[in-house]
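Peer 1: This is the structure I want to talk about, given as structure tokens.
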Amino acid sequence: MKKYARLLCASLLLAMASCLVTLSCSHRPERVYPLPTQQQLEWQQLETYAFIHFGLNTFNDMEWGYGDTPAETFNPTDLDCEQWVLTLKAAGMKGVIFTAKHHDGFCLWPTETTDYNIRHTPYKDGQGDVVGELCEACRKHGLRFGLYLSPWDRHQADYGREGYVALYHQQIQELLERYSPLFEFWFDGANGGDGWYGGACEKRAIVASEYYDYEKARDIVWRHSPQAAIFGGTVPTLRWIGNERGWAAATQWCSYSMDYQDLNNPKLLATGLPDGEAWLPAEVDVSIRPGWFYHSSEDSLVKTVDQLMELYDHSVGRNANLLLNFPVNKEGRIPAIDSANAVAWHQRLQSDFAHNVLKGSEVHANSTRGRGFKASNVLKEGNCYWAVEDGVTCAELVFTLKEPTKMNTLVLQERLSMGQRVKSFSVSYHANGHWLPIETEEPMTTIGHKRIIRFQPVTADQLRIRLHTRKGPVCLDRVGAYLAGD
Ligand code: FUL
């Protein structure tokens, strides 16, 4: 009996010791601040979603209605929100953000706040509600739904005075009560000053950061849709990229400043701020046509599949979400050419990234933090990542392929819940007994949620990636190499 007790004791001690060894050589790295919230992490995983600009401008060939365009001109003959949603789904969009009200002040839902709304149009004899119809189509087909409500309102007589702000907040309240949950809410920042303003036809200046009481507006949004990401104003959870041409800078930090001037500084917005105190990942908004609204004169200017590919690489491929706008035409449809190009683009992306040629290769790292953080985690699915020991200034990964393999695209992903770390990296391949650098024009700087590097095709038996961080040890989620466009 004594012998058994001793044996039991010994094996217990052994088990405890091996536990301690595992823990000590497998400890989680310190987090690097700032960090994303769970909501921001989920938002960054969406990668691509759509904008729809539709309203009085559509029927009057305008981009910025003055605020006096007659409501009766809104007359779509064949409006079908399900056609929009099914097209967007086939184009790989995860959600849609709709212009419930643009700068002209016209409301596309039957609001109690103003007569300048869809009730006073021929559409469904005044019984229509485009916001509601799109919301329903999104729910039916599994797309997330978001709204754009322009703070600048060129129709309202009270604009620039106290009364308007109450009306604006009431509009948010109505929308959120009726159409929640929303995944994103857009406080657009544009304001040209002049407008109809109930017939005054003048220029009105406001100090946006104070006038709209964005904190209150955000609270109304979050009361009904606590998950909603916020664009614009003084309270964003994501940042504008600073241009509307569809590109994020190659060096792309999720960290930024909450200072209102910085939030409106295109130069800083393009790259983010490595020392910024807030987590504010970038969103690239761009239209599939030159304009945001539909103009028949732009029917021949719809972005081609190649142009859409470039937009994708310069947004999602550079650690930013892509918000791609689809103008709906006068019939109330996404035009055939726009849908054909968008769907073909999505199919191209799917085939480009269908087969990770590194799968099945042997992965070796110059450092790991132990069992839970193995180098091979970068090729796995699920909740795991590779992390190196503290103080490793150059982290190295080498993939040894089963046979020489052709590739031309690399995809890297950092473990963002641990903070953004990598500031630069380099990539070499091994072929015919030599190591050579890959040839690319893309600067190999930050990674973030996703970084895509296209390079001259190589046939390699090994691939080597060296990474340097700004702060803390490397924490890499995934690595993929592909032969795109094959
Ligand atoms: C801008 C607006 O002025 C454009 O009309 C468009 O809505 C774009 C997305 O945002 O600020």
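Peer 1: Take the residues of segment 380-414 that are buried (at least 20 other Cβ atoms within 10 Å of the Cβ) and outside any strand (DSSP E or B): which is farthest from the chain's Cα centre (by Cα)?
Peer 2: If we take residues in segment 380-414 being buried (at least 20 other Cβ atoms within 10 Å of the Cβ) and outside any strand (DSSP E or B), then Val388 is farthest from the chain's Cα centre (by Cα).
Peer 1: Within segment 30-37, does at least one residue satisfy the condition of being in contact with a Phe, Trp or Tyr (Cβ under 6 Å, 6 or more places away or on another chain) and outside any loop (DSSP other than H, G, I, E, B)?
Peer 2: no
Peer 1: So, in segment 418-444, exactly how many residues are in contact (Cβ under 8 Å) with a residue 60 or more places away in the chain and either under 30 Å from Asp486 (Cα atoms) or surrounded by fewer than 16 Cβ atoms within 10 Å (Cβ to Cβ) (or both)?
Peer 2: At the first step, the residues of segment 418-444 found to be in contact (Cβ under 8 Å) with a residue 60 or more places away in the chain are 418-421, 423, 442-443.
Those left that are additionally either under 30 Å from Asp486 (Cα atoms) or surrounded by fewer than 16 Cβ atoms within 10 Å (Cβ to Cβ) (or both): 442-443.
Within segment 418-444, residues that are in contact (Cβ under 8 Å) with a residue 60 or more places away in the chain and either under 30 Å from Asp486 (Cα atoms) or surrounded by fewer than 16 Cβ atoms within 10 Å (Cβ to Cβ) (or both) number 2.
Peer 1: Another question, if that's okay. Within segment 289-304, is even one residue farther than 28 Å from Glu63 by Cβ and touching a strand residue (DSSP E or B) at 6+ places or on another chain (Cβ under 8 Å)? Steps first, please.
Peer 2: Going residue by residue through segment 289-304, those that are farther than 28 Å from Glu63 by Cβ are none.
So far as segment 289-304 goes, no, none of its residues is farther than 28 Å from Glu63 by Cβ and touching a strand residue (DSSP E or B) at 6+ places or on another chain (Cβ under 8 Å).
Peer 1: Mind listing whichever residues of segment 145-163 are away from the ligand (no atom under 16 Å from the Cβ) and either crowded, with 22+ Cβ neighbours inside 10 Å or polar (S, T, N, Q) (or both)?
Peer 2: Within segment 145-163, the first condition is being away from the ligand (no atom under 16 Å from the Cβ), and the residues that meet it are 145, 156-158, 160-163.
Hits for segment 145-163 are Phe145, Gln156.
Peer 1: To continue, here is another question. Going by what's in this entry, would Gln252 be described as at pLDDT 95 or above, more than 16 Å from the ligand (Cβ to nearest atom) and either part of a loop (DSSP other than H, G, I, E, B) or surrounded by 15 or more Cβ atoms within 10 Å (Cβ to Cβ) (or both)? Show your work before the answer.
Peer 2: Details: at pLDDT 95 or above: yes; more than 16 Å from the ligand (Cβ to nearest atom): yes; either part of a loop (DSSP other than H, G, I, E, B) or surrounded by 15 or more Cβ atoms within 10 Å (Cβ to Cβ) (or both): yes.
Answer is yes for this residue.
Peer 1: Can you tell me how many residues within segment 31-58 are of a type in the set (A, V, I, L, M, F, W, C) and more than 16 Å from the ligand (Cβ to nearest atom)? Explain how you work it out, then say what you get.
Peer 2: Step one: filter segment 31-58 for residues of a type in the set (A, V, I, L, M, F, W, C), giving 32, 35, 41, 43, 46, 50-52, 54, 56.
Applying the additional criterion that residues be more than 16 Å from the ligand (Cβ to nearest atom) yields 32, 35, 41, 43, 46.
Residues meeting the conditions: 5.
Peer 1: So which residues in segment 295-347 are assigned to a loop (DSSP other than H, G, I, E, B), within 24 Å of Leu108 (Cβ to Cβ) and of a type in the set (S, T, N, Q), if there are any at all?
Peer 2: First, pick out the residues of segment 295-347 that are assigned to a loop (DSSP other than H, G, I, E, B): 295, 302-304, 314-317, 319, 328-335.
This time we only want the ones that are within 24 Å of Leu108 (Cβ to Cβ), so: 295, 302, 328-335.
Once the filter is applied, which keeps residues that are assigned to a loop (DSSP other than H, G, I, E, B), within 24 Å of Leu108 (Cβ to Cβ) and of a type in the set (S, T, N, Q), segment 295-347 yields only Asn329.
Peer 1: Just the residues that are of a type in the set (Gly, Ala, Ser) and under 17 Å from Val479 (Cα atoms), please, taken from segment 418-456. Show your work before the answer.
Peer 2: Of segment 418-456, the ones of a type in the set (Gly, Ala, Ser) are 419, 424, 426, 428, 431, 433, 448.
Those that are of a type in the set (Gly, Ala, Ser) and under 17 Å from Val479 (Cα atoms): Ser424, Ser426, Ser428, Gly448.
Peer 1: Checking Asp188 against (1) surrounded by fewer than 20 Cβ atoms within 10 Å (Cβ to Cβ); (2) under 30 Å from Glu331 (Cβ atoms); (3) more than 16 Å from the ligand (Cβ to nearest atom), only one condition comes out false. Which one?
Peer 2: (3)
Peer 1: With respect to Trp279, is the statement that it is in contact (Cβ under 8 Å) with a residue 24 or more places away in the chain and of a type in the set (Phe, Trp, Tyr) true?
Peer 2: Values: in contact (Cβ under 8 Å) with a residue 24 or more places away in the chain: yes; of a type in the set (Phe, Trp, Tyr): yes.
Yes, satisfied.
Peer 1: Separate question: Could you go through segment 260-270 and let me know if any residue there is in contact (Cβ under 8 Å) with a residue 40 or more places away in the chain, closer than 21 Å to Glu162 by Cα and within 16 Å of the ligand (Cβ to nearest atom).
Peer 2: Taking segment 260-270 and keeping what is in contact (Cβ under 8 Å) with a residue 40 or more places away in the chain, we get 260, 264.
In the following step, the residues that additionally are closer than 21 Å to Glu162 by Cα were identified as none.
Looking for residues that are in contact (Cβ under 8 Å) with a residue 40 or more places away in the chain, closer than 21 Å to Glu162 by Cα and within 16 Å of the ligand (Cβ to nearest atom), one finds none in segment 260-270, hence no.
Peer 1: Among Arg289, Arg348, Arg318, which is within 16 Å of the ligand (Cβ to nearest atom) and of a type in the set (Lys, Arg)?
Peer 2: Working: Arg348 fails: within 16 Å of the ligand (Cβ to nearest atom); Arg318 fails: within 16 Å of the ligand (Cβ to nearest atom).
One residue alone meets the criteria, Arg289.
Peer 1: Among the candidates Thr87, Thr69, Thr77, which residue alone is away from the ligand (no atom under 16 Å from the Cβ), part of a loop (DSSP other than H, G, I, E, B) and of a type in the set (Ser, Thr, Tyr)?
Peer 2: Numbers: Thr87 fails: part of a loop (DSSP other than H, G, I, E, B); Thr69 fails: away from the ligand (no atom under 16 Å from the Cβ).
Only one candidate passes the filter, namely Thr77.
Peer 1: While we're here: Could you go through segment 274-293 and let me know if any residue there is in a helix (DSSP H, G or I) and among the β-branched types (Val, Ile, Thr). Don't jump to the end; show me each part of the working.
Peer 2: The initial filter retains those residues of segment 274-293 that are in a helix (DSSP H, G or I), namely none.
No.
Peer 1: Same structure, new question: It is to be established whether one or more residues within segment 222-241 are out of contact with any Pro (no Cβ under 8 Å at 6 or more places or on another chain), at pLDDT below 95 and within 16 Å of the ligand (Cβ to nearest atom).
Peer 2: Taking every residue of segment 222-241 in turn, none turns out to be out of contact with any Pro (no Cβ under 8 Å at 6 or more places or on another chain), at pLDDT below 95 and within 16 Å of the ligand (Cβ to nearest atom).
Peer 1: Which residue, of Leu88, Leu35, is surrounded by 24 or more Cβ atoms within 10 Å (Cβ to Cβ), more than 29 Å from His169 (Cα to Cα) and of a type outside the set (Gly, Ala, Ser)? Full working, then the answer.
Peer 2: Values: Leu35 fails: surrounded by 24 or more Cβ atoms within 10 Å (Cβ to Cβ).
Matching residue, one of Leu88, Leu35: Leu88.
The values are calculated or read from the model by the stated rules, or taken from the named source; none is laboratory data. Just so you know, these numbers come straight off a predicted model, no measurement behind them. So basically every Cβ, Gly included, is an ideal-geometry build from the backbone, and we count neighbours across all protein chains shown.
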